[in-house]
Structures are given as structure tokens and as C-alpha cells.
1. Working only within segment 1-15, note down all residues that are closer than 18 Å to Leu101 by Cβ and either open to solvent by less than 100 Å² (accessible area, probe 1.4 Å) or touching a Cys at 6+ places or on another chain (Cβ under 6 Å) (or both).
2. Can you pull out the residues in segment 23-40 that are over 16 Å from Glu185 (Cβ atoms), hydroxyl-bearing (Ser, Thr, Tyr) and surrounded by 12 or more Cβ atoms within 10 Å (Cβ to Cβ)?
3. Whether any residue in segment 111-120 is in contact (Cβ under 8 Å) with a residue 24 or more places away in the chain, open to solvent by 40 Å² or more (accessible area, probe 1.4 Å) and of a type in the set (Phe, Trp, Tyr) is what I want to check.
4. What's the number of the only condition in (1) open to solvent by less than 60 Å² (accessible area, probe 1.4 Å); (2) more than 21 Å from Lys123 (Cα to Cα); (3) modelled with pLDDT of 90 or more that Pro51 fails to meet?
5. How many residues are assigned to a loop (DSSP other than H, G, I, E, B) and open to solvent by less than 70 Å² (accessible area, probe 1.4 Å) when one looks only at segment 172-192?
6. Looking at segment 148-170, which of its residues are surrounded by 12 or more Cβ atoms within 10 Å (Cβ to Cβ) and either under 16 Å from the mean Cα position of the chain (by Cα) or not in a loop (DSSP other than H, G, I, E, B) (or both)?
7. Of the conditions (1) farther than 17 Å from Pro87 by Cα; (2) open to solvent by less than 80 Å² (accessible area, probe 1.4 Å), Val43 satisfies every one except a single condition; which number is it?
8. Tally up the residues in segment 93-110 that are open to solvent by 10 Å² or more (accessible area, probe 1.4 Å), of a type outside the set (Val, Ile, Thr), farther than 17 Å from Leu186 by Cβ and touching a residue at least 24 places away in the same chain (Cβ under 8 Å), please.
Amino acid sequence: MGSFKRWLKRWLQQKKPWTEHTYVALDVESSGLDPHSDQLLAVAWVVIKPPVIDYASGRYYLIKHDQTELKQSPVVHGLVSKDFIDPTEPAEVLRELAKVLKDNVLVCHYIRLDWGFLKQAAKQHGIKLEPLARFDTLAYEAQRLKRHQHHIARGELTLNACRTRYGLPEYNAHHAFSDAIACGELMLAQRYK
């Protein structure tokens with residue numbers, strides 16, 4: 001009976017208007033694109049209670065990892081070995097994230113990548129991440145564009161390109177914290193439009 005009550009509670013929560021939910025806009029930086037063979041390097045998030053982004057809730061962590069596996073990371077997001085002098089243990093970050101995500105909606109730009117790394121890391125550390133739902137700003141924008149045009153050109157779905165269509169300012173890309181904020185702002189713009 002307990003599992004049915006939990007399911008019913010979650011189902012009722014999901015039926016609320018979108019403005020009554022709490023969202024967690026999140027971004028990760030990694031040593032590559034494969035959650036099974038590459039490493040999580042940085043995680044950042046910010047909490048949103050529409051229409052407000054709670055910047056004080058923002059968190060940014062550099063994750064302890066095998067520093068010999070940075071691969072192309074310095075080229076993509078600028079993280080180099082010296083950035084990891086005092087990194088945070090992955091389990092510590094994941095426990096805090098689990099609390100923040102509980103019964104809230106996870107928001108990412110291309111959630112498949114971010115969620116893949118989070119799930120893999122959580123599994124390795126025996127931590128359960130249970131967001132109420134997941135919202136992908138990239139997938140939302142792709143569907144919107146497909147309804148209005150026949151072809152989506154290369155580069156039209158980057159975070160900055162999507163933000164530009166909504167009149168949002170350009171941020172430095174590939175920093176987990178600024179990308180988390182940029183994603184949260186984009187989600188609000190998408191939903192209010």
C-alpha cells in the first residue's frame with residue numbers, strides 16, 4: 001500500500017500547473033560524452049520557483065576524479081588539473097543533489113547527457129536520485145522548431161542559439177554554473193512564451 005500512496009502522491013504532484021512546481025536547472029561537465037567510460041568533472045545547479053530563479057540556492061562543485069583522464073576537457077570547458085586542487089567527493093555532491101531533486105523537476109539542456117552521468121555516478125555510490133519529472137530545454141525547442149519549419153540547421157539547438165531566439169543574453173558556454181543558470185532562464189522563457 002505504501003508504494004501506491006507514493007505513486008498517487010507523485011501523480012497528483014505532476015498534475016499541478018507548471019508554475020506551482022519547483023525546478024532544479026542543472027549542468028554537468030565531463031571528460032567525454034560516455035557516462036560509462038568518461039568521468040564527471042563538475043556539477044552545478046540552481047533552484048527555480050517560477051517566475052523566480054533563486055540564485056542563492058546555486059551550487060557549483062568540482063568533482064574528485066582520476067586526473068589522468070581529462071581528455072579533451074581543457075579544450076571544451078577549460079577545466080585543467082590545477083582546478084582540482086580541492087575537489088569534492090562525488091558521494092557528497094550526489095547526496096546533496098538527491099535532497100534538492102526530491103519531488104522537484106530536473107531541467108537540463110540535452111538531459112540525456114546530464115542525466116546519464118548523474119545516474120551512472122549515483123549508481124556507483126548507491127545514491128537514489130528521484131526527481132518528480134525531467135524537462136529537456138533542447139528537446140522542447142526541437143519540437144517547437146519542427147512545428148514551425150521543415151529543417152533544423154546545424155547549431156540551431158545549442159543553448160546559446162535557443163536563448164537568442166527568446167531574446168536572452170549570451171553567456172560563456174561550457175561552465176557548469178553559468179550553463180545551469182542559462183538553462184533555467186531558457187526554461188522559464190520557453191514556458192512563459
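The values are calculated or read from the model by the stated rules, or taken from the named source; none is laboratory data. What you see is a predicted model; the values in this text were computed from it and never measured. All Cβ positions, even for glycine, are placed from backbone atoms using ideal geometry, and neighbour counts span all protein chains on display. Remember, those area values only see protein heavy atoms, side chains included, never the ligands or the DNA or RNA. Shrake-Rupley method; radii C 1.70, N 1.55, O 1.52, S 1.80 Å.
1. Arg10, Gln13, Gln14
2. Within segment 23-40, the subset over 16 Å from Glu185 (Cβ atoms) is 28-40.
Next, only the ones that are hydroxyl-bearing (Ser, Thr, Tyr) stay: 30-31, 37.
Across segment 23-40, the qualifying residues are Ser30, Ser31.
3. Taking segment 111-120 first, the residues in contact (Cβ under 8 Å) with a residue 24 or more places away in the chain are 111-114, 116-120.
Checking which are open to solvent by 40 Å² or more (accessible area, probe 1.4 Å) leaves us with 112-113, 119.
Now restrict to residues that are of a type in the set (Phe, Trp, Tyr): none.
No, there is no match, as no residue in segment 111-120 is in contact (Cβ under 8 Å) with a residue 24 or more places away in the chain, open to solvent by 40 Å² or more (accessible area, probe 1.4 Å) and of a type in the set (Phe, Trp, Tyr).
4. So Pro51 meets the others, but not (1).
5. We begin by selecting, within segment 172-192, every residue assigned to a loop (DSSP other than H, G, I, E, B); these are 172-175.
This time we only want the ones that are open to solvent by less than 70 Å² (accessible area, probe 1.4 Å), so: 173.
Count: 1.
6. If we filter segment 148-170 for residues that are surrounded by 12 or more Cβ atoms within 10 Å (Cβ to Cβ), which is where we start, we get 152, 156-166, 168.
Correct list: Leu157, Thr158, Leu159, Asn160, Ala161, Cys162, Arg163, Thr164, Arg165.
7. (1)
8. 6
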